[in-house]
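The values are calculated or read from the model by the stated rules, or taken from the named source; none is laboratory data. These figures come from a predicted structure and were not determined experimentally. Note that each Cβ is placed from the backbone with ideal geometry, even for glycine, and that neighbours are counted across all protein chains shown. When the accessible area is computed, the model is the full protein with side chains, heavy atoms only, and any ligands, DNA or RNA have been set aside. Shrake-Rupley method; radii C 1.70, N 1.55, O 1.52, S 1.80 Å.
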Amino acid sequence: MALRLDDKFVKPFITDEEISAIAPEIEAAAASLRAKTGKGAEMLGWLDLPENYDKEEFARIKAAAEKIKKTCDVFIVIGIGGSYLGSRAVIEFLRSPRYNLLKKDTPDIYFSGCNISGSDLDELLAICEGRDVCINVISKSGTTTEPAVAFRYFRAWLENKYGKEGAKERIFVTTDKARGTLKSFSTDAGYETFVVPDDVGGRFSVLSAVGLLPIAVSGINLDELMSGAADAMTALSAGDVYTNDAYKYAALRNILYRKGKVTEILVGYEPYEQMFCEWWKQLYGESEGKDGKGLYPSSVIFSTDLHSLGQYVQSGLRTIFETVLSVETPDSEAKVPNDPANIDGLNFLSGMPMAEVNRTAMNGTLLAHVDGEVPNIVLRLAERSARALGYMIYFFELACAVSGYVLDVNPFDQPGVEAYKKNMFALLGKPGYEEMTAELRARL
Ligand code: PA5
C-alpha cells in the first residue's frame, strides 16, 4: 500500500470508545457516498474517475502535451482554485518547486489568473517576451473573473505575436462540456478543448483534463499517476474505521474536532510538499467550512517553520492537531559533510544522510508536540513517485467527502465564495448590481 496511517501519536488523545462511537457515523457517511444518496450526490464523478475516465480524451491530452513541448518554451496555465492548485501541487511534488530553473526538455510552466495582481501579470508578460508561448485556460464556469482577465491578456499577446491563426494552435481550453460561453467561444475560434466533467467539481478535478494536461506538459507519467489513484480506489473501496485508512482519517479528525481541536495543520518535511499542502487546504477548507462548521485547514513545512510557527504549535492555544506527511523512502543521497575544524561542533553528524537527519527532526518534533498536547496523525507515503502521489490524492478526496458527510455539510458546493464576488461586482459597477452598489460604497 502506498499510504499508511500511523495512529501512534494520536492515540494518547482519543479513546477506543470514541472510535467505536463514531464508527457507525463513518459507516453511514461512506454508505450514502457509495449509494449516491448524500448531499451533492450529483458531484461524485471523481469517485470512480481513476478507472472511468474518457480514454479518447486522455490520449488527446498526451498528444496535446507533446505538441506543447515541441512548440513552446513557456506554458502558461490560467485558472484559479481547483482549476490550478492540483496540477501545480503535482508538478512541484514530483518535479520540483524550482521546476522552471531545472535543466529540462519540457517548457517552463507559470500559473496565471489565480489572483488580480497587475504586477504579477506584467512580470509574466515580460517573462514571455522573445519566447515561444502556449496557454491552457482552465475554467469550468468560463466566467470566473481572475482567469477571464488573464485570458484576455494572453490571448491578445499571442494574437499579436503569431496572428489569429497562429495563436489558435497555441491556445488550449479546459472547460465545461457544452454549457458556458467559454466552450462556444473556443469552438468558434477553433481552439482545442478539453472537458471538466459535469459531475466533478474544481477541487476534485486534478485527475481530469484540468490537472492532467499541465501535469503531462511537465513530463510526469500520467499512466503512473492514474494507476496509483486506481490502486487507492480499489484498496479504499470497502472496510471500516479500523481497516480503511481514509475512513480512519475522517474519523480521527472528527473526534478531535469535537474535542475542541478545530485547527488541523498539514505538516510536510520537504519543500516539494508545499503546494500539495495548498491543494489540500483548498480541498478541505472549501468542502467543509460551511454552515458555521468545519475544521480550519492550515499547513507548515518543517523544519523551516519550526523556526517560525513551531513556537505556537508547541505552546500556543491548544486547539490544534497535526497531520504529518512522511515520505518514507529517501530520494536523495546527500550526506552531512565532514569539517576538519568542526567549528559548529557538528562532526558527530559527518557522513550521516540528510534524510536521516530530517527523519530524526520529524521524530523529535512528533514527541515534543505530543508532549505539548498536540495530537499527531502520521500519514506514511511509501515514496516520492507519481504512483504513490496518485494514491494519496485519491485518499484525501475520499476522506474529505466522508468527513464532510460526518460534519453534515455538502462537501461539494461552495456557496460562501459568492459573497466576495457579489460585493466586488457591485463595487465595480457591474450592470445588474446597481441596488447593492450604493449601499456597499457607503459602508467603505
Ligand atoms: O473547487 C472549486 O469548485 C473552485 O475552487 C473552482 O475551482 C474555482 O472557483 C474556479 O472556478 P472555475 O473553474 O469555474 O473558473
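Being within 16 Å of the ligand (Cβ to nearest atom), under 17 Å from the mean Cα position of the chain (by Cα) and not acidic (Asp, Glu) is a condition met by no residue of region 25-45. When residues in region 235-254 are screened for being over 30 Å from Ile91 (Cα atoms) and open to solvent by 10 Å² or more (accessible area, probe 1.4 Å), 5 of them pass. Checking each residue in region 405-443 for being closer than 19 Å to Leu283 by Cβ and away from the ligand (no atom under 16 Å from the Cβ) picks out Tyr405, Val406, Leu407, Asp408. The residue of region 191-234 that is farthest from the ligand (Cβ to nearest atom), among those that are open to solvent by 10 Å² or more (accessible area, probe 1.4 Å) and among the β-branched types (Val, Ile, Thr), is Thr234. Checked against (1) more than 30 Å from Glu42 (Cα to Cα); (2) open to solvent by 70 Å² or more (accessible area, probe 1.4 Å); (3) not in a helix (DSSP H, G or I), Thr360 passes all but a single condition, namely (3). On the stretch given as region 381-395, residues that are surrounded by 16 or more Cβ atoms within 10 Å (Cβ to Cβ) and out of contact with any Gly (no Cβ under 9 Å at 6 or more places or on another chain) total 4.
Within region 110-125, at least one residue is more than 12 Å from the ligand (Cβ to nearest atom), within 20 Å of Asn221 (Cα to Cα), out of contact with any Asp or Glu (no Cβ under 6 Å at 6 or more places or on another chain) and not polar (S, T, N, Q). From the set of residues in region 171-180 that are away from the ligand (no atom under 12 Å from the Cβ) and at pLDDT below 95, which is farthest from Ile138 (Cα to Cα)? By that ranking, first place goes to Ala178. Given the conditions (1) open to solvent by 10 Å² or more (accessible area, probe 1.4 Å); (2) away from the ligand (no atom under 16 Å from the Cβ); (3) more than 18 Å from the chain's Cα centre (by Cα), report the number of the one that Gln274 does not fulfil. Failing condition for Gln274: (3). Among the residues of region 286-304, those identified as crowded, with 17+ Cβ neighbours inside 10 Å and farther than 24 Å from Val417 by Cα are Val300, Ile301, Phe302.
Of everything listed in (1) within 20 Å of the chain's Cα centre (by Cα); (2) within 16 Å of the ligand (Cβ to nearest atom), the single unmet condition for Ser186 is (1). Do the conditions hold for Ala156, that is, is it among the aliphatic types (A, V, I, L, M), more than 16 Å from the ligand (Cβ to nearest atom) and open to solvent by 50 Å² or more (accessible area, probe 1.4 Å)? So Ala156 passes the test.
For every residue, the table says whether it meets (1) basic (Lys, Arg); (2) touching a Pro at 6+ places or on another chain (Cβ under 7 Å); (3) at positive phi.
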position: Gly190; (1), (2), (3): no, no, yes
position: Ala229; (1), (2), (3): no, yes, no
position: Asp245; (1), (2), (3): no, no, no
position: Ala251; (1), (2), (3): no, no, no
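Do we have Gly316 as on the phi > 0 side of the Ramachandran plot, away from the ligand (no atom under 16 Å from the Cβ) and surrounded by fewer than 21 Cβ atoms within 10 Å (Cβ to Cβ) here? The answer is no for Gly316.
Residue-level check: of (1) open to solvent by less than 50 Å² (accessible area, probe 1.4 Å); (2) more than 18 Å from Pro147 (Cβ to Cβ); (3) in contact (Cβ under 8 Å) with a residue 12 or more places away in the chain, Glu169 misses just (1).
Residues that are among the aromatic types (Phe, Trp, Tyr) and more than 17 Å from the chain's Cα centre (by Cα) were ranked within region 286-320; the one that is nearest to Tyr249 (Cα to Cα) is Phe302.
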